[in-house]
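Asks: Following this message is one structure expressed as structure tokens.
No lab work stands behind these numbers, since they all come straight from the coordinates. Since the model is a prediction, treat every value here as computed from it, not as a measurement. Neighbour counts run over all protein chains shown; Cβ positions are idealised from the backbone, glycine included.
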Amino acid sequence: MITDLWYKNAIVYCLSVESFMDANGDGVGDFRGLMRRLDYLHGLGVTAVWLMPFQTSPGRDDGYDVADYYSVDPRYGTLGDFVEFTHAAHQRGMRVLIDLVVNHTSNQHPWFQSARSDPNSPYRDWYVWSKKKPKNANEGMVFPGVQKTTWTYDKKAGAYYFHRFYDFQPDLNTANPDVQAEILRIMGFWLQLGVSGFRMDAVPFVIAEKGADIVGPPTEHFDMLRTFREFLQWRRGDAIILAEANILPEDDMKYFGADGDRMHMMFNFQVNQSLFYALASSDTRPLAKALKATRPDYATAQWGLFLRNHDELDLGRLAPEQRQTVFDAFGPDASMQLYDRGIRRRLAPMLQGDRRRLELAYSLLLSLPGTPVLRYGDEIGMGDDLALPERQCARTPMQWSNEPQGGFSPNPKTFLPAIDAGAYGFEQVNVAEQCRDPGSLLNWMERMIRMRQETQEIGWGDVEIMDVGHKSVLALRYTWRNNTVLFLHNFHAEGQVVEFRLEPPAGEPDRLVNVLSDDHSEANAEGRHVITLEPYGYRWFRVGGLDYAYRRSER
Ligand code: BGC
């Protein structure tokens, strides 16, 4: 197995240029500001930065409504700044991934403007039209409660256009070969400017058959994924696609491709939801089930794992009573909920700022089978501003210091207000202070990321879920090249004593070396390990000799 597939053991950090750092003082983050903060990201141990959309956009869906794919929105800088940024990231050994939003464009995009203005426009067939209002116009909305329909009448066009998302995001007719060629051109453009791949937005909708006659679930054109993959790999051998596809486990391999010929990575929504259920209920059984159900068929396919992202925590795949348990625990108030299926808060307030539970959640994120994707600000435990609409509440300016606007911008008028009051205000929660405090969440995170990077077994190894006899304790064991690591996580508010047999690899002592503290474990006279986990406690163990670091280097 080739071990230079970088994405198998990457640490991905997701941010939007807009909210990270403002260098020119206009109240909006920009590439120059981001460049000033690259050493921070490097110091944290980030190996790949995922940028949310930064192309020219009216900004009605935070850039997910693109009006020009081949540009940088002037609020964030220029293409020149972008190239400087990728260069500076590479100099620090970090890769750059960017969002690829090609299910739809902004309605301000010149293609759509041309398409609606002239039935003979070459762009007319780039979108999805219907003369009459389709019967299913009131079905399939992605943002229920906010979005009323999926077909909207355009006076100028004299027809209805299809939009899976908001009405200002007309769907591209992705079955049109010209549209497909354009998607490849967009990929090629950014690859040429130095990106290592794409987080591909809304993949099931990109490949779905679209049109007024579709009844029931649309057919998906999986061949499209193969075309994207082939193009990408031909242009840049080590580039990847990380797909956003909230699908059922039985469909996973259709997206990865049976021969590894489609998506390299996908976000694991199934694990995400059952993980939050485990945090809410302390019952890890559905999480264990989700981990088993989503085990990929081959080693090069990789999950992207996350706790919170820039969207709501979508609980739509949980059973109704499980969903209610998570709502009750983490988002009991209607103001915390969104689209009838999710919670829009950041992680720290959801866990009531409880350091033990935050550590549990991140320790888990870093040790589950997949590649961790961190969200900006979560490393310091940033909060949310529920006074802001929809998902904006968790997209506030990064909190760098206790200076005005949290050090994000000298301008008091920022794109969204910085959180300046309460337990999560920038006076309490900021990078500068946490850098100085050896016991801070930030410094803890940095150390954990370092341990994750020293534990390549997670990315490459075979994972086994061990039964340690407690439904509130998840025990994961990875084996790779005769190295074994073991992770224990106790989701319960009370301590738990777990007992198990290890069966170490041949020739290894029956010993568990704790990689985070001196608290190692030797098997007792009956050949069993007995470990006492604290409330919400966790352990990272390496099986066998104390010289693990030395042996690792021989792999
Ligand atoms: C993104 C959302 C966005 C939507 C429409 C998604 O799935 O994650 O933030 O609103 O696509 O582009």
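Asks: In what order do 442, 44 fall by count of nearby beta-carbon atoms within 10 Å, going from fewest to most?
Replies: Numbers: 442 22, 44 18.
The fewest-first ordering by Cβ neighbours comes to 44, 442.
Asks: Continuing with this model, one more query. Give me 526, 379 sorted ascending by neighbouring Cβ count inside 10 Å, so fewest comes first. Spell out each step's value before the answer.
Replies: On the way: 526 8, 379 25.
Going from sparsest to densest Cβ surroundings: 526, 379.
Asks: Could you list which residues have their amide H under 5 Å from that of residue 371, counting only those 5 or more apart in sequence or on another chain, with H placed in the peptide plane?
Replies: When sequence neighbours closer than 5 places are left aside, the close amide H contacts are 303, 304, 305.
Asks: Here's a follow-up. Whole-Hz Karplus ³J(HN,Hα) for region 81-94, in order, using 6.51 cos²θ - 1.76 cosθ + 1.60 and θ = phi - 60°, x for Gly and Pro?
Replies: My calculation for region 81-94 gives 5, 4, 5, 4, 5, 5, 4, 5, 5, 4, 4, 9, x, 9 Hz in order.
Asks: At 222 nm, what value in deg cm²/dmol follows for the chain if DSSP H runs of at least 4 each add -39500 (n - 2.57) and the sum is divided by all its residues, to the nearest 500?
Replies: Working: 18 runs with 154 residues, N = 555.
So the calculated ellipticity at 222 nm is -7500 deg cm²/dmol.
Asks: Hey, rough spin-label estimate for residue 518 and residue 387, points 7 angstrom out along Cα→Cβ, what's it come to in nanometres?
Replies: 5.0
Asks: With the Cα gyration tensor of the chain giving a ≥ b ≥ c as the square roots of its eigenvalues, does the rule (a/c under 1.5 for rounded; else a/b larger than b/c for prolate; else oblate) give rounded, prolate or oblate? Before the final figure, lay out the partial values.
Replies: Details: a/c = 1.67, a/b = 1.50, b/c = 1.11.
Taking the square roots of the gyration eigenvalues as a ≥ b ≥ c, the chain is prolate.
Asks: Another question, then. Long-range amide H contacts for residue 338: which residues qualify at under 5 Å (H placed 1.01 Å from N, peptide plane, sequence gap of 5 or more or a different chain)?
Replies: Sorted by chain and number, the residues that satisfy this are 343, 344.
Asks: May I ask for the distance between the Cα centers of region 74-139 and region 392-462, given as a whole number of Å?
Replies: 30
Asks: Another one. When a/c reaches 1.5 or more, the comparison of a/b and b/c decides; with that in mind, is region 88-159 rounded, prolate or oblate per its Cα gyration tensor?
Replies: Details: a/c = 3.75, a/b = 1.70, b/c = 2.20.
Judged from the Cα gyration tensor, region 88-159 comes out oblate (a/c at least 1.5, b/c at or above a/b).
Asks: Quick one: compute the contact order of the chain, relative version, from alpha carbon pairs under 8 angstrom and 6+ residues apart, as a percent.
Replies: Details: 1123 pairs, mean separation 64.2, N = 555.
12 percent.
Asks: Provide the FRET efficiency to the nearest 0.05 for the residue 534-residue 427 pair, computing r from the beta carbons and using R0 = 35 Å. Could you put the intermediate results ahead of the total?
Replies: Working: r = 30 Å, r/R0 = 0.87.
The formula returns an efficiency of 0.70 here.
Asks: Still on this structure: For the residue pair residue 146 and residue 436, what label-to-label distance in nm results when each label sits 7 Å from Cα along the Cα-to-beta-carbon direction?
Replies: 3.8
Asks: Return 325, 150 ranked ascending by Cβ neighbour count within 10 Å, so the fewest neighbours appear first.
Replies: Numbers: 325 18, 150 22.
Final ranking by Cβ density, sparse to dense: 325, 150.
Asks: Which residues in region 276-303 place their backbone N less than 17 Å from a point set 7 Å from the Cα of residue 493 along the Cα-to-Cβ direction?
Replies: Residues 277-284 fall inside that zone.
Asks: Further, regarding this structure: Below 27 Å, Cα to Cα, which lysines can residue 156 reach? Residues fewer than 8 away in the same chain don't count.
Replies: Hits, sequence-local ones excluded: 131, 132, 133, 135, 148, 210.
Asks: Could I ask something else about it? Can you run phi through the Karplus equation (6.51, -1.76, 1.60; θ = phi - 60°) for region 30-45 and list ³J(HN,Hα) in whole Hz, with x for Gly and Pro?
Replies: 8, 4, 5, x, 4, 4, 5, 9, 5, 5, 4, 5, 4, x, 6, x
Asks: Continuing with this model, one more query. Residue by residue through region 318-324, what is 3J(HN,Hα) from phi via Karplus (6.51 cos²θ - 1.76 cosθ + 1.60, θ = phi - 60°)? Round to whole Hz and write x for glycine and proline.
Replies: 7, 5, x, 6, 5, 4, 4
Asks: Moving to a separate point now. Measure off 7 Å from each Cα along the Cα-to-Cβ vector at residue 285 and residue 221, then give the distance between these two points in nanometres to one decimal.
Replies: Between residue 285 and residue 221, the simple spin-label model gives 4.4 nm.
Asks: Now, a different point. Compute the Cα gyration tensor for region 459-553, then decide on rounded, prolate or oblate, letting a ≥ b ≥ c be the square roots of its eigenvalues: rounded whenever a/c is under 1.5, prolate when a/b is larger than b/c in the other cases, and oblate in all that remain. Intermediate values should be presented prior to the final figure.
Replies: On the way: a/c = 1.65, a/b = 1.49, b/c = 1.11.
It comes out prolate by the Cα gyration axes.
Asks: By how many nm would the segment from residue 235 to residue 68 lengthen if fully extended, with 0.36 nm per residue of separation less the alpha-carbon distance? Please list the in-between numbers first.
Replies: Values: separation 167, 0.36 × 167 = 60.12 nm, distance 2.21 nm.
Residue separation times 0.36 nm, minus the Cα-Cα distance, leaves 57.9 nm.
Asks: Taking H as built 1.01 Å from N, whose amide H comes closer than 5 Å to the amide H of residue 50, not counting residues under 5 places away?
Replies: Under 5 Å from the amide H of residue 50: 13, 14, 15, 97.
Asks: Let me ask something additional. How far is helix 269-281 tilted off the main Cα axis of the chain, in degrees rounded to 10, range 0 to 90?
Replies: Between helix and principal axis, roughly 50 degrees.
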